[in-house]
Amino acid sequence: MYNVSPTQLDKVKELLKLKGYKLTPQRRAVVNKVLENRGSHLTAEELYELVKKECPEIGLATIYRTIQLLEEVGILCKLNLDDGCNRYELVDEEETHHHHHLICTKCGKVIEVAEDLLDVIERNVEEKYKFKIENHSVKFLGICNKCLNN
C-alpha cells in the first residue's frame with residue numbers, strides 16, 4: 001500500500017474544481033483508496049469494500065457515481081481485462097499510451113508492463129494504412145511465475 005501525499009490529493013481537488021466539482025468527503029474517501037492501492041486494478045466492488053471500512057455510511061451507488069465522475073475528468077481509466085469486471089486505475093500523466101498488462105489465467109494476477117513495446121509496430125501501421133494511432137490496449141494472457149512453480 002502507498003501513502004497518499006497531500007500533493008496528489010491537491011491535484012485531484014484542483015482537477016475536480018476546474019471541471020466544476022467539489023471534493024466531497026465521499027469522493028475524498030474513494031480517491032484516497034484509489035491512491036493507496038495504486039497498481040491494484042480495483043473493481044467498483046473491491047473499492048467499495050475498502051472505502052466502507054473507513055466510511056461505513058457510503059453506498060455502492062455512490063462508489064459507481066464517483067468512479068464515473070473520476071473517469072470523466074481524467075483521473076481514473078477503465079480497464080477491461082476480459083474477466084467479466086471493469087477495473088480502474090489512476091491515469092498517469094507521464095504516459096502517452098496505456099501500459100500493457102500480463103494476466104495470469106490461473107490466479108487472475110495482473111502485472112503491469114511499464115515499457116511501450118509497440119512503437120515500431122505503430123509507426124509501420126500508421127505509415128502503411130495512413131492511420132493516426134492515438135492509443136492502444138494490449139493484454140498478454142498466460143501463467144504467472146508463482147502459478148508455474150506450484
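For the range 1-92, what is the charge dipole size about the Cα centre, in debye to the nearest 20, if Lys and Arg each add +1 at the Cβ and Asp and Glu each add -1 at the Cβ?
On the way: 14 positive and 14 negative charges, 95 e Å.
Charge dipole of the range 1-92: 460 debye, to the nearest 20.
Indicate the helices, whole DSSP H runs only, in the chain that combine a mean Kyte-Doolittle hydropathy of -1.0 or more with a Cα extent along their long axis of 20 angstrom or more.
Details: long enough: none.
Correct list, ordered by number: empty.
Taking loop as defined by DSSP and a crowding limit of 16 other beta carbons within 10 Å, which GluC sites (Glu not before Pro) in the range 53-86 fit?
Details: sites: Glu54, Glu57, Glu71, Glu72; in loops: Glu57.
Hits after loop and neighbour filter: Glu57.
Could you please rank Leu117, Leu60, placing first whichever residue has the fewest other Cβ atoms within 10 Å of its Cβ? Walk me through the numbers before you get to the answer.
On the way: Leu117 10, Leu60 14.
Ordered by Cβ neighbours within 10 Å, fewest first: Leu117, Leu60.
Please work out which option in (1) 8.6; (2) 11.3; (3) 9.8 gives mean projected area of the Cα convex hull in nm² calculated from these coordinates, and answer with its label.
Working out mean projected area of the Cα convex hull in nm² from the coordinates points to (2).
Just need the relative contact order of the range 6-90 here, percent rounded to a whole number, with Cα pairs under 8 Å and 6+ apart. Present the calculation step by step, with values, prior to reporting the outcome.
Working: 82 pairs, mean separation 25.7, N = 85.
RCO, the range 6-90: 30 percent.
Using the structure shown, list the pairs from Lys13/Lys52; Lys78/Lys106; Lys33/Lys106; Lys17/Lys106; Lys17/Lys128; Lys106/Lys132 with a Cα-Cα distance above 31 Å, or answer none.
Listed pairs above 31 Å: Lys17/Lys106; Lys17/Lys128; Lys106/Lys132.
Quick one: net charge of Tyr129's neighbours, Cβ under 13 Å, K/R +1, D/E -1? Mind dumping the intermediate values first?
Numbers: positive: Arg123, Lys128, Lys130, Lys132; negative: Glu122, Glu126, Glu127.
Net local charge, Tyr129 excluded: +1.
Readers should treat all values here as calculations from the given coordinates under stated rules, not as data from a laboratory. For clarity, every value in this text was computed on a predicted model and none was experimentally measured. Ideal geometry is used to build each Cβ from the backbone, glycine not excepted, and the neighbour counts take in all protein chains shown.
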